[in-house]
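Visitor: My questions all concern the structure below.
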Amino acid sequence: MAYDIVIRNARLRGRKEKVDVAVEKGVIKRIGQAATKGATVIDAGGNLVTESFVNTHLHLCKVYTLTMMDSAALKSYHGAGMGAAMTAIELAAKIKSRYEEGWILKNARRCLKQAALNGNTHIRAFADVDSKAKLIGLKALLKARDEFKGIVDVQVVAFPQDGVVREPGTVELIKQAMDLGADVVGGIPWIEYTEADERTHIEEMVKIARKHDKDISMLVDDAGDPGLRTLEMLAVKLLEVGRKGRALAHHARAMALYPEPYFRKVAALLKQAEMGVVSDPHTGPLHARVKELLENGNLVCLGQDDCCDAYYPFGQCSMLEVGFLNVHLLWMTSFPEMETIYDMLTVNAARCINLEGFGLKVGAPAHLVVLDAKSVHEALWYHKPPLHVVSHGKLVDRQALAV
């Protein structure tokens with residue numbers, strides 16, 4: 001039988017012998033040593049072949065906007081202890097007065113091309129929806145999502161960046177965003193001024209998610225305040241309404257300051273709610289307690305978060321670069337820990353955003369990368385772009401994307 005794609009001489013994680021990986025009609029059909037024929041044959045040359053990369057957190061409507069404004073927000077967000085995180089968000093909101101669908105779409109295309117070249121085939125992408133951004137960024141990202149279908153799978157999040165109670169009318173805008181076709185309901189409850197308002201924020205967003213039967217992505221406790229409790233509130237609400245496994249918690253930076261007994265309680269609640277945590281340690285001085293969560297059996301992944309915007313001055317949609325940075329920031333430098341880091345860029349991330357069947361196994365959707373490396377250690381060490389990317393069962397045309 002001739003398959004659509006055959007990757008020969010592939011080195012897989014956890015296997016000594018080299019194998020062929022055969023793809024047919026978008027699905028991995030065979031993994032083995034027997035010779036197989038293919039319409040497209042790729043010689044991996046003994047390099048590592050794995051699942052493609054999954055980025056569960058990217059503010060795609062803001063990519064490449066840092067040069068359009070000053071660095072005041074950046075300075076506030078990266079200040080010692082992250083006590084000025086709310087101020088940073090207020091300063092960063094200035095860019096939204098300049099929102100136009102045209103330049104946002106252009107920037108999004110540039111970013112998604114880079115993602116595809118770096119083997120990042122799935123992205124959960126945030127679009128600010130509020131009185132300033134209105135639906136401008138969201139409409140641009142919906143167009144980008146449709147343009148890149150089959151190359152990069154984009155889940156668009158309708159995100160009330162500046163609050164719900166603080167920003168009257170935002171709830172109605174989020175409802176409109178979902179009617180327009182947004183994939184995920186966002187939230188950022190900690191930005192509200194009172195605990196009652198935080199609860200209202202969560203309740204309103206959960207209500208919309210239930211109506212549309214959509215997943216939830218919320219930025220929780222993203223400041224240097226050990227008294228923040230919105231991660232707990234979100235988990236409790238999900239359990240209350242029976243939405244296990246339908247939400248992802250982002251950042252949770254205040255977790256770094258939680259007293260140990262409270263951290264253990266929250267970790268247990270996360271398990272009960274079947275909710276993962278995406279951490280982005282490279283974009284802020286504090287971060288979720290990744291190693292402790294992993295030791296506790298919680299689901300954790302890593303995200304890009306930002307590409308050259310008011311919160312982070314770098315980023316090129318390379319999850320290997322994210323992995324390289326976080327090997328250092330998390331001090332996960334042993335070989336087994338590097339394998340865990342790699343899981344947080346691939347299979348764990350896929351679980352966090354409910355990608356069905358994702359993995360390098362027979363019967364799974366064919367989302368694969370042929371790396372320019374023989375091992376996970378080497379891949380993280382040099383974090384080079386993949387030699388080949390297979391997305392949705394098709395070989396990504398790198399030359400066309402580069403142009």
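Here is a yes/no grid of residues against (1) modelled with pLDDT under 95; (2) closer than 21 Å to VAL396 by Cα; (3) among the hydroxyl-bearing types (Ser, Thr, Tyr):
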residue	(1), (2), (3)
ALA35	yes, no, no
GLY38	yes, yes, no
VAL49	no, yes, no
HIS59	no, no, no
ALA72	yes, no, no
MET86	yes, no, no
ALA115	no, yes, no
THR121	no, yes, yes
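Visitor: Return only the number of the condition from (1) surrounded by fewer than 20 Cβ atoms within 10 Å (Cβ to Cβ); (2) part of a loop (DSSP other than H, G, I, E, B) that VAL164 does not satisfy.
Guide: (1)
Visitor: Select, from LEU371, LEU320, the only residue that is surrounded by 21 or more Cβ atoms within 10 Å (Cβ to Cβ), under 16 Å from PRO281 (Cβ atoms) and not polar (S, T, N, Q).
Guide: Within the list LEU371, LEU320, the selection yields LEU320.
Visitor: Still on this structure, please answer the following. If you check ALA140, ALA127, which single one turns out to be crowded, with 22+ Cβ neighbours inside 10 Å, of a type in the set (A, V, I, L, M, F, W, C) and over 20 Å from ILE188 (Cα atoms)?
Guide: Within the list ALA140, ALA127, the selection yields ALA140.
Visitor: Name the strands (runs of 3 or more DSSP E) wholly within region 28-89 that hold at least 1 residues that are of a type in the set (Asp, Glu)?
Guide: So the answer is 37-43, 49-51.
Visitor: Looking only at region 357-403, count every residue that is in a loop (DSSP other than H, G, I, E, B) and under 20 Å from the mean Cα position of the chain (by Cα) and tell me the total. Let's see the steps before the verdict.
Guide: Kept after step one, since they are in a loop (DSSP other than H, G, I, E, B), are these residues of region 357-403: 357-364, 366-367, 371-375, 383-387, 392-393, 396-397, 403.
Next cut, under 20 Å from the mean Cα position of the chain (by Cα) only: 357-360, 366-367, 383-386, 392.
Looking only at that region, the number is 11.
Visitor: Do we find a residue being within 15 Å of ASN55 (Cα to Cα) and assigned to a loop (DSSP other than H, G, I, E, B) anywhere in region 340-353?
Guide: Yes, some residue in region 340-353 is within 15 Å of ASN55 (Cα to Cα) and assigned to a loop (DSSP other than H, G, I, E, B).
Visitor: Quickly run through region 131-161 and pick out the residues that are more than 14 Å from ILE104 (Cα to Cα), of a type in the set (D, E, K, R) and not in a helix (DSSP H, G or I).
Guide: LYS132, LYS149, ASP153
Visitor: Please go through region 23-55 and pick out each residue that is of a type in the set (Asp, Glu) and either surrounded by fewer than 22 Cβ atoms within 10 Å (Cβ to Cβ) or at positive phi (or both). Break it down stepwise before answering.
Guide: First, pick out the residues of region 23-55 that are of a type in the set (Asp, Glu): 24, 43, 51.
Once the filter is applied, which keeps residues that are of a type in the set (Asp, Glu) and either surrounded by fewer than 22 Cβ atoms within 10 Å (Cβ to Cβ) or at positive phi (or both), region 23-55 yields GLU24, ASP43.
Visitor: Same structure, new question: Got a number for residues in region 199-219 being in a helix (DSSP H, G or I), in contact (Cβ under 8 Å) with a residue 40 or more places away in the chain and within 24 Å of ASN55 (Cα to Cα)?
Guide: 1
Visitor: Is it fair to say LEU345 is in contact with a Lys or Arg (Cβ under 8 Å, 6 or more places away or on another chain), closer than 22 Å to SER279 by Cα, in contact (Cβ under 8 Å) with a residue 12 or more places away in the chain and hydrophobic (A, V, I, L, M, F, W, C)?
Guide: Considered against the rule, which asks whether it is in contact with a Lys or Arg (Cβ under 8 Å, 6 or more places away or on another chain), closer than 22 Å to SER279 by Cα, in contact (Cβ under 8 Å) with a residue 12 or more places away in the chain and hydrophobic (A, V, I, L, M, F, W, C), LEU345 comes out as no.
Visitor: What are the residues in region 275-328 that are among the charged types (D, E, K, R) and outside any helix (DSSP H, G or I), if any?
Guide: If we filter region 275-328 for residues that are among the charged types (D, E, K, R), which is where we start, we get 280, 289, 291-292, 295, 305-306, 309, 321.
Across region 275-328, the qualifying residues are ASP280, ARG289, ASP305, ASP306, ASP309.
Visitor: Out of everything in region 10-22 that is in contact (Cβ under 8 Å) with a residue 12 or more places away in the chain and surrounded by fewer than 16 Cβ atoms within 10 Å (Cβ to Cβ), what residue ends up being farthest from LEU387 (Cα to Cα)?
Guide: First, the residues of region 10-22 that are in contact (Cβ under 8 Å) with a residue 12 or more places away in the chain: 10-13, 17-22.
Subset that is surrounded by fewer than 16 Cβ atoms within 10 Å (Cβ to Cβ): 13, 17.
On the way: ARG13: 17, GLU17: 21 Å.
By that ranking, first place goes to GLU17.
Visitor: Another one. Given the conditions (1) in contact (Cβ under 8 Å) with a residue 24 or more places away in the chain; (2) more than 23 Å from PHE314 (Cα to Cα); (3) not aromatic (Phe, Trp, Tyr), which single one is not true for GLU172?
Guide: (1)
Visitor: Go through region 192-226 residue by residue and tally those that are of a type in the set (Val, Ile, Thr) and touching a Leu at 6+ places or on another chain (Cβ under 8 Å).
Guide: Step one: list which residues in region 192-226 are of a type in the set (Val, Ile, Thr), which gives 194, 200, 202, 206, 208, 216, 220.
Of the ones still in play, those that are also touching a Leu at 6+ places or on another chain (Cβ under 8 Å) are 202, 206, 216, 220.
Residues meeting the conditions: 4.
Visitor: Taking region 63-89 only, how many residues are farther than 30 Å from ASP372 by Cβ and either touching a helix residue (DSSP H, G or I) at 6+ places or on another chain (Cβ under 7 Å) or crowded, with 16+ Cβ neighbours inside 10 Å (or both)?
Guide: Residues that pass the stated criteria total 17.
Visitor: Does PHE148 fit the bill of being buried (at least 24 other Cβ atoms within 10 Å of the Cβ), of a type outside the set (Asp, Glu) and in contact (Cβ under 8 Å) with a residue 12 or more places away in the chain?
Guide: No, not satisfied.
The values are calculated or read from the model by the stated rules, or taken from the named source; none is laboratory data. Values in this document were obtained by computation on a predicted structure and should not be read as measured data. As a convention, Cβ positions derive from the backbone with ideal geometry for all residues, glycine included, and neighbour counts pool all protein chains shown.
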